[in-house]
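Dumping the structure here so I can ask a few things about it.
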Amino acid sequence: DGSFDVKGQKNKRSRAVVVVYKDKLIAEKYDTGFNKDSKILGWSMTKSITSSAFGVLAKQRKIDIYKPAPIAEWRNDDRKNITVNDLLHMNSGLEWEEDYTKICDATEMLFQAEDMGKVQMDKPAKFKPNTHWYYSSGTTNLLSRILRSQFKTQQEYLDFWYSALIDKIGMNSMIVEQDMSGIFVGSSYAWATARDWSKFGLLYLHKGNWNGEQVLEESWVKYTATPTNTSNGGYGAQFWLNAGGKFPDAPRDMFYCNGYQGQMVAIIPSLDMVIVRMG
């Protein structure tokens, strides 16, 4: 109850809270107008879905994230050494501005661009790769664009996200929106029920295993939750981390998907727990 506003207040603005402990749903509450079937926008929690799609491809040995990103436009300039790993870590060194208090690269991309990934792709290098961490929704949409390049047809690309990951773990309510060019908006636009968001957390809590099937390599989950260079223990591979102690009262092994309006899927291995909060 403490996660929700009392009548007449608008401070916490929680819409849903789900707590799963030792694989059991032990607590669940919704604000007025929402219930277990309500699809809620995850905003930047979608970035963690995008990362996981790369994890599946890596498990299938269909991509090497440590090789230069497969972008022809970068081959003859100082961006040619940027790897997919650098992009997953938000450590590419590409120019970008993400400031939602004003019109910026991120807002122009999300509300005006037809091909969102191209916005970041066209930006120049500002720093050398793996030397400067900077949070960029453009980078994640570029990653989604790179994923499209791994498939021969548009339909194969669209199906992959669902058949290899989303539907495989029973997130049957999830909808990921596409931009006008047909690329999933991997930075921001995935909708799902709070219960289905908790399933995503459980996949990572169980080190990539879902009902006996290894959807992601255990090493991928470890990679995801390992601090990125220059992030001060705050970021992994499209997941946020508590390794640097941002939440002093929470265990340091907590890692989490995070989005606008306080959306969160917190994975806490030491407590065998997943907590979902949607606002």
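With an 8 Å Cα cut-off and a minimum separation of 6 or more residues, compute the relative contact order for region 132-279 in percent. It would help to have the intermediate numbers written out before the result.
Details: 221 pairs, mean separation 23.7, N = 148.
Rounded, it is 16 percent for region 132-279.
How high is the relative contact order of region 1-86, in percent, counting Cα pairs under 8 Å that sit 6 or more residues apart?
15
Something else: Any idea of the accessible area per residue across region 34-135, 1.4 Å probe, to the nearest Å²?
Value for region 34-135: 50 Å² per residue.
How would region 126-279 be classified by its alpha-carbon gyration tensor: rounded, prolate or oblate, with rounded meaning a/c under 1.5 and the a/b versus b/c comparison settling the rest?
Working: a/c = 1.61, a/b = 1.17, b/c = 1.38.
It is oblate, given that a/c is not under 1.5 and a/b is not larger than b/c.
According to the square roots a ≥ b ≥ c of the eigenvalues of the Cα gyration tensor, what is the shape class of region 141-220, taking rounded for a/c under 1.5, prolate for a/b larger than b/c otherwise, and oblate for the remainder?
Numbers: a/c = 2.04, a/b = 1.48, b/c = 1.37.
Taking the square roots of the gyration eigenvalues as a ≥ b ≥ c, region 141-220 is prolate.
When the convex hull of the C-alpha atoms of region 196-279 is computed, what volume per residue in Å³ does it have? Write out the running numbers ahead of the final one.
Details: hull volume 7.6 nm³, N = 84.
Measuring per residue, one finds 90 Å³ for the Cα hull of region 196-279.
Quick one: how many Å² of ARG15 are accessible to a 1.4 Å probe, rounded to 10?
Surface accessible to solvent at ARG15 totals approximately 90 Å².
Once R0 is set to 22 Å, what does the formula 1/(1 + (r/R0)^6) return for the Cβ-Cβ distance between LEU25 and PHE247, expressed as a FRET efficiency to the nearest 0.05?
Details: r = 23 Å, r/R0 = 1.04.
Using R0 = 22 Å, I get an efficiency of 0.45.
Label TYR162 and VAL6 with points 7 Å out from Cα along Cα→Cβ: what is the distance between them in nm?
4.6
For TRP210, what residues show an amide H to amide H distance below 5 Å, using hydrogens built from the backbone and excluding near sequence neighbours?
VAL215
Relative to the Cα centre, what is the charge dipole magnitude of region 155-265, using +1 at the beta carbon of each Lys and Arg, -1 at the beta carbon of each Asp and Glu, and rounding to the nearest 20 debye? Don't jump to the answer; show the numbers that get you there.
Details: 7 positive and 11 negative charges, 86 e Å.
My answer is approximately 420 debye.
Separate question: Quick one: compute the contact order of the chain, relative version, from alpha carbon pairs under 8 angstrom and 6+ residues apart, as a percent. Working shown, then result.
Details: 554 pairs, mean separation 67.0, N = 279.
The value is 24 percent.
Still on this structure, I have one more. Would you mind computing, in nm to one decimal, how far apart the modelled labels at LEU271 and ASN211 are, each placed 7 Å from Cα along Cα→Cβ?
2.8
Heavy atoms only, probe 1.4 Å: what % of the accessible area of region 1-125 goes to carbon and sulfur, would you let me know? Write out the running numbers ahead of the final one.
Working: 3160 of 6830 Å².
So the carbon and sulfur contribution to the accessible surface is 46 percent.
Where in region 246-262 does the label zone of GLU177 land, with the point 7 angstrom along Cα→C-beta and an amide N cut-off under 15 Å?
What the label zone holds, given the 15 Å backbone N cut-off, is 260-261.
If you take the charge dipole of the chain about its Cα centre, with +1 on Lys and Arg Cβ and -1 on Asp and Glu Cβ, which of SER163, VAL19, MET116 is farthest toward its positive end?
VAL19
How far apart, in nanometres, would the label points at GLN112 and ASN35 be if each is projected 7 angstrom from Cα along the Cα-to-Cβ direction?
4.2
Right, here's the next one. Residue farthest toward the positive end of the dipole of region 28-184, with Cβ of Lys/Arg at +1 and Asp/Glu at -1: which of THR101, MET90, GLY55?
Result: GLY55.
Expressed as cubic angstrom per residue, what is the convex hull volume of the alpha carbon set of the chain?
Numbers: hull volume 36.7 nm³, N = 279.
Per-residue hull volume (Cα only) is 132 Å³.
If you count, for each residue, the other Cβ atoms within 10 Å and average over each peptide, how do 119-127, 184-192 line up from highest to lowest?
Numbers: 119-127: 17.0, 184-192: 24.9.
For the peptides 119-127, 184-192, the packing ranking is 184-192, 119-127.
Right, here's the next one. Taking only the alpha-carbon positions of region 26-162 and ignoring solvent, what does the Debye formula give for the base-10 log of I(q)/I(0) at q = 0.21 Å⁻¹?
The computed values of log10 I(q)/I(0) come out as -1.33.
Sorted by average packing, counted as other Cβ atoms within 10 angstrom per residue and highest first, what order do 195-203, 226-234, 61-69 take?
Working: 195-203: 22.9, 226-234: 16.4, 61-69: 13.9.
With the highest mean Cβ count within 10 Å placed first, the list reads 195-203, 226-234, 61-69.
Cα gyration tensor of region 41-119, axes a ≥ b ≥ c as square roots of the eigenvalues: rounded (a/c below 1.5), prolate (a/b > b/c) or oblate?
Note, shape of region 41-119 comes out oblate.
The values are calculated or read from the model by the stated rules, or taken from the named source; none is laboratory data. For clarity, every value in this text was computed on a predicted model and none was experimentally measured. Positions of Cβ are generated from backbone atoms using ideal geometry, with glycine treated the same way; all protein chains shown enter the neighbour counts. Protein only, heavy atoms only, side chains kept; ligands, DNA and RNA dropped before computing areas. Shrake-Rupley method; radii C 1.70, N 1.55, O 1.52, S 1.80 Å.
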